[in-house]
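Before any comments, here is the structure.
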There are 2 protein chains.
Amino acid sequence: MKCSFTSTKPRGRPREFDPDAALGNALKVFWKHGYEGASLAELTEAMGITKPSLYACFGNKEALFKKALDLYERDKLAYIGKALEAPSARGVAERLLNGSLETYCGSAGAQGCLGVISLVANTTEAASIREHVIARRKSSETALIARFERALAEGDLPPGSRPEALAQCLFTILQGLAVKAQADTTRAELEMVIGTFLAMWPSR
Amino acid sequence: MKCSFTSTKPRGRPREFDPDAALGNALKVFWKHGYEGASLAELTEAMGITKPSLYACFGNKEALFKKALDLYERDKLAYIGKALEAPSARGVAERLLNGSLETYCGSAGAQGCLGVISLVANTTEAASIREHVIARRKSSETALIARFERALAEGDLPPGSRPEALAQCLFTILQGLAVKAQADTTRAELEMVIGTFLAMWPSR
DNA sequence: AACATTTCATACCAGGCGGTATATAGTGCG
DNA sequence: CGCACTATATACCGCCTGGTATGAAATGTT
């Protein structure tokens, strides 16, 4: 995050591309192919820059991926934060499920969840990326657990409910939806799963 | 499938390894790293043979993978067929969930579901493998739907239940469990998810 | 023993990978 | 202008990938 008021004018040749736009295009490629599946050749082509420009601006492939992951979570996963603000536990679940549907079935050809893709695909190397993704997801889980604990305290969930169990179960469905979105599944089928799950969801 | 009674004695030098055992070891590697993530070097080392032996016996990497996938489904996914024989719809769900737990948390370090790994990881190439995996999964889904349709007709599910919706929802949880098993999740956490989901499951 | 046949082990191949050296072109400053 | 500085484009690097050519070793047949 550049502090614009401290940065003086650059002295050298100005770069000819927009790093934010380039990062957005890199995100699309990672989203489609995963970390290891995305080659430098495809990345640079999609970003419209050459390899030296990429390395000068973003460091290396791993650093680029982490920045793309940050962008992904800031833009595409914003619905998670919004969902937690729903007034009821059921509303949280609804927003979470429907929000994931929008994200996983993006208008672009890209489908599925970048986090899941990166988690499952990168068994070989890039342990640091695995840990990165796992840590991010874990923080979301704890936030959801806390939200459900509040709901239980407020009488918004049936007495005796286990917030942790409900949160984990909900996240499991979300991850399953991500896998299904990656396969041939249609949006209508995902909506059916969401509806079925919400019908099972405990009501106050 | 060799027809032993038509095969005469081999004329050349006998092979020094057991193809079945080698295939089993190849399966472990694919299970850990996915199709693209498993390199010939690691495969041959685990199988205890050299590359020319691998190609002479199994064809190429893709053919080897498909044979490993067959073995996987025959051995590791046998619980799916068994689950469908359960007397009640709830029993089917229980066996399916607990069976997946056993498979995904195998005693060996390998975890997760080979199908899910191959489906999610292979976005780049190997479209034929994607289709292979998707087709296999689809056949399991239709079998489960049929089983739940029978359950509905037998009054084993609440009237008005939608067999297809229940089956899809159950499979979504199964796939979510596979993802969770791939991450850092402990077996106890997976058991908690299963218990929570079964508590939500419609009872007659 | 000589042969045909099959497997084995070593070395090798072209191609793609992530990453970089180098030289040129474009900018603000003095 | 010349200078310091940074981005650009091209070409290149070592390494690993999936896949193979080749010759030796081990069998059954004649």
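Note on residue B:200: accessible area is roughly 30 Å² with a 1.4 Å probe, heavy atoms of protein only. Only Cα pairs within less than 10 Å get springs; with that Gaussian network setup on chain A, which residue of A:117, A:49, A:80 has the largest fluctuation? In this elastic network of chain A, the residue with the biggest mean-square fluctuation among A:117, A:49, A:80 is A:49.
Of A:59, A:115, A:24, which has the largest mean-square fluctuation in a 10 Å C-alpha GNM of chain A? Ranking A:59, A:115, A:24 by mean-square fluctuation puts A:59 first. Sorting A:196, A:142 by solvent-accessible area of protein heavy atoms yields A:142, A:196, largest first, with a 1.4 Å probe.
Along the axis of the charge dipole computed for segment A:76-200 (Cβ charges of +1 for Lys and Arg, -1 for Asp and Glu, origin at the Cα centre), the listed residues A:195, A:79, A:139 are led at the positive end by A:139. Protein heavy-atom surface of the protein assembly as shown, 1.4 angstrom probe: 54% of the accessible area is carbon and sulfur, with nucleic acids and ligands not counted. The modelled label-to-label distance between residue B:139 and residue B:21, using points 7 Å beyond Cα along the C-beta direction, is 3.0 nm. Scanning residues 5 or more positions from residue B:106 or on other chains, those with amide H under 5 Å from its amide H are B:112, with H placed 1.01 Å from N in the peptide plane. Each Cα pair under 8 Å and six or more residues apart adds its separation to the average, and for chain A the resulting relative contact order is 20 percent. Shielding by partners for peptide B:115-121, expressed as the average number of C-beta atoms from other protein chains within 10 Å of each residue's C-beta, is 6. Buried surface between chains A and B: roughly 3600 Å² of accessible area, summed over both sides, computed with a 1.4 Å probe on protein heavy atoms only. Using the Cβ-Cβ distance between residue A:85 and residue B:11 with R0 set to 56 Å, the FRET efficiency from 1/(1 + (r/R0)^6) comes to roughly 0.15. Label point of residue B:141 (7 Å along Cα→beta-carbon): distances to the other copies' equivalent points are 2.6 nm, sorted ascending. Separation of segment B:141-204 and segment A:26-103, taken as the distance between their Cα centroids, equals 30 angstrom. Counting only other chain Cβ atoms within 10 Å of each residue's Cβ, the peptide B:161-174 averages 5.
Please build a GNM for chain B, connecting alpha carbons under 10 Å apart, and tell me which residue among B:92, B:193, B:116 fluctuates the most. Of the options given, B:193 has the highest mean-square fluctuation. I'd like the residues of segment A:129-154 whose 1.4 Å-probe accessible area shrinks by no less than 10 Å² going from the isolated chain to the full set of protein chains. So the qualifying set is A:130, A:134, A:137, A:138. Calculated accessible area for segment B:96-204 comes out at 37 Å² per residue, all protein chains present (probe 1.4 Å; ligands, DNA, RNA ignored).
Considering only the Cα atoms of segment A:19-72, their convex hull presents on average a projected area of 2.9 nm². Counting only other chain Cβ atoms within 10 Å of each residue's Cβ, the peptide A:186-198 averages 3.
The alpha-carbon of residue B:82 sits under 25 angstrom from the alpha-carbons of these lysines, leaving out residues fewer than 8 places away in its chain: A:180, B:28, B:66, B:67, B:138, B:180. In segment B:19-71, Cα pairs under 8 Å separated by at least six residues give a relative contact order of 45 percent.
The values are calculated or read from the model by the stated rules, or taken from the named source; none is laboratory data. Computed from a prediction, not measured in an experiment: that's the story for all the values here. We place every Cβ from the backbone using ideal geometry, glycine too, and count neighbours over all the protein chains shown. Each accessible area value is taken on the protein alone, full model and side chains, heavy atoms only, with ligands, DNA and RNA left out. Shrake-Rupley method; radii C 1.70, N 1.55, O 1.52, S 1.80 Å.
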